[in-house]
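S.K.: Starting off with a structure, shown below.
The values are calculated or read from the model by the stated rules, or taken from the named source; none is laboratory data. Every value quoted in this text rests on a predicted model; they were computed, and no experiment measured them. Here the Cβ positions follow ideal geometry from the backbone for every residue, glycine too, while neighbour counts run over all protein chains shown.
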Amino acid sequence: MARTAIPGGLSARRAWRSATLADRRPETAQAVTLVLDVPDWPGHVPGQHVDVRLTSEDGYRATRSYSVAAPTDGDALELTVQRVPDGEVSTFLCDDLRRGDTVEVRGPLGGWFVWRPGQPGPVLLVAGGSGVVPLMSMLRARPAGSASPFRLVYSARSPEDLLYREELARRAAENDGVEVGLVFTRSAPEGDRRGVGRLRPEDLTGHGWSVDDAPTCYVCGPTGFVESAAAHLVALGHPPERIRTERFGPSGP
Amino acid sequence: MTVTRGFHGRRRDSDARLPPGQHLTPDFPVLSAGPTPLVPRDDWELIVATEDGTRHGWTWAELMALPSEDVTVDIHCVTSWSKLDTDWRGVSLDTVLADVDTAADFAMVHSHGGYTTNLPLEDLLDGRAWIAYEYDGDELAPEHGGPARLLVPHLYLWKSAKWVREIELMLDDAPGFWEQLGYHDYGDPWREQRYQGD
């Protein structure tokens with residue numbers, strides 16, 4: 001496997017930093033985007049994640065990892081948090097954290113599942129559920145007029161579960177090399193020709209994209225989804241070394 | 001101390017067997033950098049290569065012929081989940097390395113798919129590391145590293161390389177895949193050695 005260097009000094013990335021909630025935007029009934037103000041944030045590469053730490057008054061701490069949802073923008077750090085049923089940290093972040101409240105973050109973390117603006121060649125993004133978050137950071141980092149076409153194949157349970165729904169529709173409509181294919185596993189909009197069902201190989205080959213286009217593939221989602229999507233990509237002939245995966249199970253409540 | 005207003009936490013994870021910063025999971029999450037390699041047992045081979053270029057090899061049948069051990073251990077992932085009392089069967093690396101002559105102090109473990117990770121050789125010895133091929137009484141599933149993976153439960157789980165194919169013994173340490181990407185060279189969960197410099 002090829003390797004990529006990590007930006008920023010190591011000491012900068014391992015320090016815990018105070019982060020203040022500047023804004024929050026509901027994305028779906030179960031997910032919220034938090035905009036944190038992190039003074040002197042060193043910046044990150046699209047696809048990276050951060051650790052978020054919560055501390056109670058008596059010193060009890062809980063730490064979880066969350067993907068960054070948007071490219072570096074000064075001291076503003078955007079995380080999209082999906083509520084995990086009974087999740088200790090995600091339910092607090094989704095339901096209780098208010099503007100002006102303080103948490104701690106450290107990072108950026110992860111130097112493999114990244115896309116750097118300027119990295120040549122087409123990009124195939126394959127998202128299952130909230131696995132779309134780090135991929136959205138890549139999509140948002142793609143400069144207008146980029147020579148690298150992007151295709152996002154996004155699997156969600158239903159239209160109501162889609163994160164960034166309007167923004168994705170807008171970006172796809174701009175005719176600027178971004179395509180979005182939606183896959184619904186439980187309920188689809190009326191008239192949807194694909195129908196309901198888990199990701200199929202043909203979902204990954206639509207719009208004339210083929211192995212010959214040699215895209216770099218980024219797959220993110222729950223374990224079962226990533227196993228299946230990555231296996232489809234390999235079976236379609238994509239070389240394993242061009243497929244990067246990021247998986248999460250129900251591991252971070 | 002930076003307190004987050006209103007956060008009390010659940011504190012259900014106050015188990016003395018839980019290293020700092022970890023929480024329990026009943027599941028077995030999967031973390032890998034790429035697609036799961038499918039390695040047929042007929043083609044499987046374990047290589048131990050020493051610093052002078054000597055190569056020792058075991059086929060699947062030869063591995064199965066070695067004495068196995070049933071081990072019950074706690075495992076800790078750097079992404080902060082821990083799982084207690086996991087049941088494995090495998091061959092101790094003390095057995096695998098018993099007849100290997102080496103002056104090496106370090107090992108680079110190579111996997112199918114290109115993954116690597118580095119460890120001090122002594123951490124692979126003295127009943128602390130196995131080539132594991134069963135989990136919870138069943139064949140080890142491919143997404144968890146089957147047919148066989150390294151199991152080094154006293155270090156963070158990225159050191160327990162899935163789909164192991166070669167153990168390269170080295171006189172000098174060198175960083176593996178995640179270690180080059182900023183993760184700790186040793187990875188002791190009890191000292192919370194997650195990232196370089198921790």
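S.K.: What are the pairs with Cβ atoms under 6 angstrom where one residue, in region A:205-231, is assigned to a helix (DSSP H, G or I) and the other, located anywhere, is surrounded by fewer than 21 Cβ atoms within 10 Å (Cβ to Cβ) and among the small types (Gly, Ala, Ser)? Sequence gap at least six, or different chains.
M.R.: If the second residue must be surrounded by fewer than 21 Cβ atoms within 10 Å (Cβ to Cβ) and among the small types (Gly, Ala, Ser), the pairs left are A:206/A:181; A:211/A:237; A:223/A:249.
S.K.: Is one or more of the residues making up region B:64-71 over 16 Å from the mean Cα position of the chain (by Cα) and within 14 Å of chain A (Cβ to nearest Cβ)?
M.R.: Checking region B:64-71: not a single residue is over 16 Å from the mean Cα position of the chain (by Cα) and within 14 Å of chain A (Cβ to nearest Cβ).
S.K.: Quick check on residue B:28: is it of a type in the set (Phe, Trp, Tyr), in contact (Cβ under 8 Å) with a residue 24 or more places away in the chain and facing chain A (nearest Cβ under 8 Å)?
M.R.: Here the answer is yes, as residue B:28 does meet what is asked.
S.K.: Looking only at region A:85-134, count every residue that is within 11 Å of chain B (Cβ to nearest Cβ), in contact (Cβ under 8 Å) with a residue 24 or more places away in the chain and over 30 Å from residue A:151 (Cβ atoms) and tell me the total.
M.R.: Adding up the residues that qualify gives 15.
S.K.: Quick one: which residue in A:155, A:146, A:187, A:137 is free of Cβ contacts under 8 Å to residues at least 60 places away in the same chain and in contact with a Gly (Cβ under 7 Å, 6 or more places away or on another chain)?
M.R.: A:146
S.K.: Shifting gears a bit: Exactly one of (1) at pLDDT 95 or above; (2) crowded, with 16+ Cβ neighbours inside 10 Å; (3) of a type in the set (D, E, K, R) is unmet by residue A:166. Its number?
M.R.: So the condition that residue A:166 fails would be (2).
S.K.: I would also like to ask the following. Quick one: count up the residues across region B:95-121 that are without any contact (Cβ under 8 Å) to a residue 24 or more places away in the chain and under 14 Å from residue B:166 (Cβ atoms).
M.R.: Selection size over region B:95-121: 0.
S.K.: State all residues of region A:45-74 that are in contact with a Lys or Arg (Cβ under 9 Å, 6 or more places away or on another chain), under 23 Å from residue B:193 (Cβ atoms) and of a type outside the set (D, E, K, R); if no residue qualifies, say none.
M.R.: A:50, A:52, A:54, A:55, A:60, A:62, A:63
S.K.: Please count how many residues of region A:103-151 are of a type in the set (A, V, I, L, M, F, W, C), part of a strand (DSSP E or B) and within 11 Å of the chain's Cα centre (by Cα).
M.R.: 3
S.K.: Quick one: is residue B:155 assigned to a loop (DSSP other than H, G, I, E, B) and either modelled with pLDDT of 95 or more or touching a Lys or Arg at 6+ places or on another chain (Cβ under 6 Å) (or both)?
M.R.: yes
S.K.: Only one of B:6, B:21 is at positive phi and modelled with pLDDT of 90 or more. Can you tell me which?
M.R.: Going through B:6, B:21 in turn, the sole match is B:6.
S.K.: Does any residue of region B:102-115 turn out to be away from chain A (no Cβ under 14 Å), β-branched (Val, Ile, Thr), buried (at least 16 other Cβ atoms within 10 Å of the Cβ) and under 16 Å from residue B:151 (Cβ atoms)?
M.R.: yes
S.K.: Here's another thing I want to ask about it. Here are some residues: A:186, A:200, A:242. Which one is within 12 Å of chain B (Cβ to nearest Cβ), under 25 Å from residue B:30 (Cβ atoms) and basic (Lys, Arg)?
M.R.: Going through A:186, A:200, A:242 in turn, just one is within 12 Å of chain B (Cβ to nearest Cβ), under 25 Å from residue B:30 (Cβ atoms) and basic (Lys, Arg): A:242.
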